[in-house]
Amino acid sequence: MLGWRLELNRVPTRDQLQLRQIPLPSTCCPICNCHEETVNHLFLQCSFADSLWKHLLQWCNLPLTKPSNIRDLLSFHKDQFIVPRKRKHVNLIILSYCWIIWKIRNDSIFSNKNPSFRFAAKELKSLSYLWLKNRSQKPCMEWSKWCNFNF
Ligand SMILES: [Zn+2]
């Protein structure tokens, strides 16, 4: 659902809320508090997102590249350097990445929680594995293989 809303640019980041004249205490990114919160900032440019993205690439043995916009992020799994049999998995991991950032952003605003990179990195593996396990019709791969991206 979040991926679909991202594609349509319908995620209620603070810049979008401001356009709708919703009163806000600030338009700053609640994770870094350094820049205006836009979809591109939150999911791509924020230092927190940047660190989590690098972690994702390292986990999936992918070269250090960075999508320049949300459309590129959501179609990243189609790139040539990702072997075809792993593309669906990379797509699932990228959607998990988006969900985790959105959840951390909301926890920061609504529950006053400090963003934790360690939590996000662990959650990226466990949440994507849970989604894989619940969506796959084949017997699911072992957790250790998933953690090593070795399948
Ligand atoms: Zn930020």
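The values are calculated or read from the model by the stated rules, or taken from the named source; none is laboratory data. This one's a predicted model, so the numbers in the text were calculated from it and none came from an experiment. Note that each Cβ is placed from the backbone with ideal geometry, even for glycine, and that neighbours are counted across all protein chains shown.
In table form, for the structure just shown:
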read-out: Count - residues of region 78-124 that are part of a helix (DSSP H, G or I) and surrounded by 13 or more Cβ atoms within 10 Å (Cβ to Cβ); value: 29
read-out: Boolean, residue 27 is over 21 Å from residue 149 (Cβ atoms) and buried (at least 19 other Cβ atoms within 10 Å of the Cβ); value: no
read-out: Any hit, region 58-77, residues being assigned to a helix (DSSP H, G or I) and within 16 Å of the ligand (Cβ to nearest atom); value: yes
read-out: Any hit, region 32-39, residues being within 19 Å of residue 120 (Cα to Cα), within 15 Å of the ligand (Cβ to nearest atom), of a type outside the set (Phe, Trp, Tyr) and part of a helix (DSSP H, G or I); value: yes
read-out: Members of region 93-143 found to be of a type in the set (Ser, Thr, Tyr) and at pLDDT 95 or above, listed by number; value: 96, 97, 108, 111, 116, 126, 128, 129
read-out: Residue selected from region 3-37 under the condition of a type in the set (Asp, Glu) and farther than 17 Å from residue 104 by Cα, by the criterion farthest from the chain's Cα centre (by Cα); value: 15
read-out: First in region 40-52 and without any contact (Cβ under 8 Å) to a residue 60 or more places away in the chain, second anywhere and hydroxyl-bearing (Ser, Thr, Tyr) and near the ligand (Cβ under 10 Å from one of its atoms), Cβ under 9 Å, 6 or more apart; value: 45/38
